[in-house]
Ligand code: PBG
């Protein structure tokens, strides 16, 4: 009754990885209980998540090697994995908020998050042009929110302008505003086959020694038109979540990333930690730090673990109430007579 923080199913966003083919549900070695789904299987998963009252999914495309190239143009193909999934889910899981991750590392043959220049560094502004194309294609396919995760400067403005110009003024932007260059993305890069083939992402992702910079990034993104902002990762960044929470007025999303999930899974497999209790404590901590919404690979299981009153119990309680009043009325009438 006196709890200050309560994680609810309604706070959770479930990431989904999409692969080619049909009927596919491929396990990911470093992320137990997380799968790469072909579009048809992902739609079934989305329907199950909707039935569990999870409000949103975040979609990542993992195309086959032959679809990758130097610029990642498969990302803005109208028949890309994310676009196909958006169209099908829009139809078959109409209550879900559909969030499309917009980045290029899963689509480029070098694994970096954009177009490279002659020095093999990501060219910020040429990447923005492709990001705008990708966002428009995702919006056309049915995305509610575009979530740029590449940490390019000016990415929110570029997407906002492109969406407005193409008539998608209602499509929102969830910006990965403060995304740190982090070792905790390791298992994701397995899942998404998106590890950079050379170098690292420190040119565009943030230095984890900094916090004021995160606040500045979030404020800039809000000015550029972000509807929600994100801090990522979550666990080593609770202070950043709090600082951003206090600086901006838009909803704040925290990404409980793959490495944070894998550590608990690995310890749980060895009997060293209780997974359910760890997941509940971690997500509650993230919310207590100031996040409104949490992207987590535990979303589906948490819907069960959170022990919110199930729909049947609520329905039963209602029936009982009606029974009571039905019985009580004639008796009262009799007493008065
Ligand atoms: C792609 C992207 C990454 C994650 C989300 N989008 C990886 C990266 O930047 O290397 C990480 C998510 C996770 O670890 O769960 N830009």
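What FRET efficiency, computed as 1/(1 + (r/R0)^6) with R0 = 30 Å and r the Cβ-Cβ distance, is obtained for residue 200 and residue 161, rounded to the nearest 0.05?
0.50
Can you grab the distance from the C-alpha centre of segment 200-248 to the C-alpha centre of segment 163-187, Å, no decimals?
Between the Cα centres of segment 200-248 and segment 163-187 lies a distance of 12 Å.
Arranged by the count of other C-beta atoms within 10 angstrom, fewest first, what order do 212, 189, 277 take?
212, 277, 189
How large is the convex hull of the Cα atoms of the chain per residue, expressed in Å³ as a whole number?
179
Using Cα pairs closer than 8 Å and at least 6 residues apart in sequence, work out the relative contact order for segment 9-328, in percent.
17
Less than 20 Å from a label point 7 Å out along the Cα-to-Cβ axis of residue 119: which backbone N atoms in segment 197-221 qualify, by residue?
Under cut-off, by backbone N: 197-207.
Can you sort 183, 39, 231, 257 from fewest to most other Cβ atoms within 10 Å of each residue's own Cβ?
183, 39, 257, 231
Using Cβ contacts closer than 10 Å as the measure, can you line up 298, 305, 272, 76 from fewest to most?
So the residues, fewest neighbours to most, are 272, 305, 76, 298.
Mean-square fluctuation check for the chain, GNM, Cα pairs under 10 Å: which of 274, 11, 207 is largest?
274
Where both partners of a DSSP beta bridge lie in the chain, what percent of those bridges are antiparallel, to the nearest 5?
About 10 percent, rounded to the nearest 5.
So for the pair residue 5, residue 22, with labels modelled 7 Å out along Cα→Cβ, what separation do we get in nm?
The answer from the label model is 4.6 nm.
Segment 250-314 to segment 29-73: how many Å between their Cα centroids?
19
Mind ranking 149-157, 114-122 by how tightly packed they are, going by the mean number of other C-beta atoms within 10 angstrom, highest first?
Going by the mean number of other Cβ atoms within 10 Å, highest first, we get 149-157, 114-122.
All of the numbers you see were taken from the coordinates with simple rules; none came from a lab. Remember, predicted model here, so these are calculated numbers, not experimental data. Note that each Cβ is placed from the backbone with ideal geometry, even for glycine, and that neighbours are counted across all protein chains shown.
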